[in-house]
């Protein structure tokens, strides 16, 4: 199809329209609201057959999604910030029931103080809930990840819920060039939904959400962990299959000018694009630097991260969130991945951009320079006023 100009939220709604899920339940919250507003118009105009429910809260929206998915439907939703936090209790239930719900998260800071701008504290707070997490850099990846997410979550070896995350306002509200696929191509790629032991199959009764005491609770959690392990190769295969129909290659971790680089900066989301510009500028100065974009955060790709980073002189991990009392949440994962590396780099953490604080070109150049001189702490705070 001809390229169009859409923002990230509208790109997600466009993908939903092409997929035509059975149920979408949501509650509006900035900066996600454009997704459900646009999709509600598609429903009202008869462009989809979806049952759309505007719930009274995010907790209720996820509860509706769980019920619809358990009943045997293909289900999607979207949220952000406090909305995701309000879903906290039922996020765990969705994964425990092995329900392939697809949720778009418009990353936004958590209160307090109240803030509506971008950081990753919402999805990072949900990192242990048993949901797969994919991060997109731009509007194109918001669309692509949404299409792929249904195929990943619904795969017979996975059957877990998935979050596709994009930076609030930076991607959700920015108009960019978007290349979409033909409607039928998307439908054929995602395929028909195959329910597994749906509640509405009255000839084959099943139980969802049973009371699980000490004799089986541990085993139930272990099964979710095993499904997460199987998710990584499924994500890789779906990305390869998507490249065949779109011409766009996606990888769970992507390096930029990393082969001969001595120093790397690693980030998720929109900052990855800024980093590539900074790398090009510093390469003009003769600096052997590169950057790394991580798309898949859960399950965490330990082996791929180690292969990308080992042997370098220095690595800075950028976190647009903070685990209070520790570091940024991405940093310990990367540090763990490098523990068994034969040639470990100097590794440091930079917390940045909280509450939507801009990250500047000169600041990122400064991170590279601090890596080169080792003039840094284990955890650093980029752009914060003392």
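The values are calculated or read from the model by the stated rules, or taken from the named source; none is laboratory data. Every value quoted in this text rests on a predicted model; they were computed, and no experiment measured them. Because the Cβ atoms are built from the backbone with ideal geometry, glycine has one as well, and the counts that use them run over all protein chains shown.
Taking the conditions (1) over 23 Å from residue 90 (Cβ atoms); (2) part of a loop (DSSP other than H, G, I, E, B); (3) in contact with a helix residue (DSSP H, G or I) (Cβ under 8 Å, 6 or more places away or on another chain) in turn, residue 29 satisfies each one other than (1).
Inside segment 67-88, residues that are surrounded by 20 or more Cβ atoms within 10 Å (Cβ to Cβ), touching a helix residue (DSSP H, G or I) at 6+ places or on another chain (Cβ under 6 Å) and part of a helix (DSSP H, G or I) make up a count of 3.
Counting only residues that are in contact with a helix residue (DSSP H, G or I) (Cβ under 8 Å, 6 or more places away or on another chain) and outside any loop (DSSP other than H, G, I, E, B), which one in segment 89-102 is surrounded by the most Cβ atoms within 10 Å (Cβ to Cβ)? It would help to see each step written out before you state the result.
Kept after step one, since they are in contact with a helix residue (DSSP H, G or I) (Cβ under 8 Å, 6 or more places away or on another chain), are these residues of segment 89-102: 89-91, 93-102.
Right, trim to outside any loop (DSSP other than H, G, I, E, B) and you get 89-91, 93-96, 102.
Values: 89: 11, 90: 19, 91: 23, 93: 19, 94: 25, 95: 23, 96: 19, 102: 32.
So, considering only residues that are in contact with a helix residue (DSSP H, G or I) (Cβ under 8 Å, 6 or more places away or on another chain) and outside any loop (DSSP other than H, G, I, E, B), the one surrounded by the most Cβ atoms within 10 Å (Cβ to Cβ) is 102.
Screening 144, 188 for residues that are part of a helix (DSSP H, G or I) and within 12 Å of residue 11 (Cα to Cα) leaves exactly one candidate, 144. Take the conditions touching a strand residue (DSSP E or B) at 6+ places or on another chain (Cβ under 7 Å) and either outside the structural domain of residue 117 (by TED's automatic domain parsing) or more than 24 Å from residue 257 (Cα to Cα) (or both) and apply them to residue 350. Does it pass? So residue 350 fits the description; yes.
Note on segment 127-145: among residues that are closer than 17 Å to residue 298 by Cβ and touching a strand residue (DSSP E or B) at 6+ places or on another chain (Cβ under 7 Å), the one that is surrounded by the fewest Cβ atoms within 10 Å (Cβ to Cβ) is 127.
Can you spot a residue in segment 346-361 that is at pLDDT 95 or above and more than 26 Å from the chain's Cα centre (by Cα)? Within segment 346-361 (the criterion being at pLDDT 95 or above and more than 26 Å from the chain's Cα centre (by Cα)), the answer is yes, since at least one residue qualifies.
Answer yes if at least one residue in segment 321-333 is more than 17 Å from the chain's Cα centre (by Cα), outside the structural domain of residue 231 (by TED's automatic domain parsing) and buried (at least 23 other Cβ atoms within 10 Å of the Cβ), and no otherwise. The answer is no; no qualifying residue exists.
When restricted to residues that are free of Cβ contacts under 8 Å to residues at least 24 places away in the same chain, surrounded by fewer than 13 Cβ atoms within 10 Å (Cβ to Cβ) and under 18 Å from residue 73 (Cα atoms), segment 189-233 contains 7.
State all residues of segment 338-355 that are in a loop (DSSP other than H, G, I, E, B) and within 13 Å of residue 267 (Cβ to Cβ); if no residue qualifies, say none. Walk me through it before giving the result.
Of all residues in segment 338-355, those in a loop (DSSP other than H, G, I, E, B) come to 338-345, 352-353.
Within segment 338-355, 352, 353 qualify.
The rows are residues; the columns are (1) under 25 Å from residue 195 (Cβ atoms); (2) in the same structural domain as residue 191 (by TED's automatic domain parsing); (3) not in a helix (DSSP H, G or I).
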residue	(1), (2), (3)
11	no, yes, no
14	no, yes, no
17	yes, yes, no
25	yes, yes, yes
34	no, yes, no
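Against the conditions (1) over 18 Å from the mean Cα position of the chain (by Cα); (2) part of a helix (DSSP H, G or I), residue 53 satisfies every one except (2).
Taking the listed residues 269, 273, the one that is under 20 Å from the mean Cα position of the chain (by Cα), under 16 Å from residue 359 (Cβ atoms), in the same structural domain as residue 317 (by TED's automatic domain parsing) and surrounded by fewer than 19 Cβ atoms within 10 Å (Cβ to Cβ) is 273, with no other qualifying.
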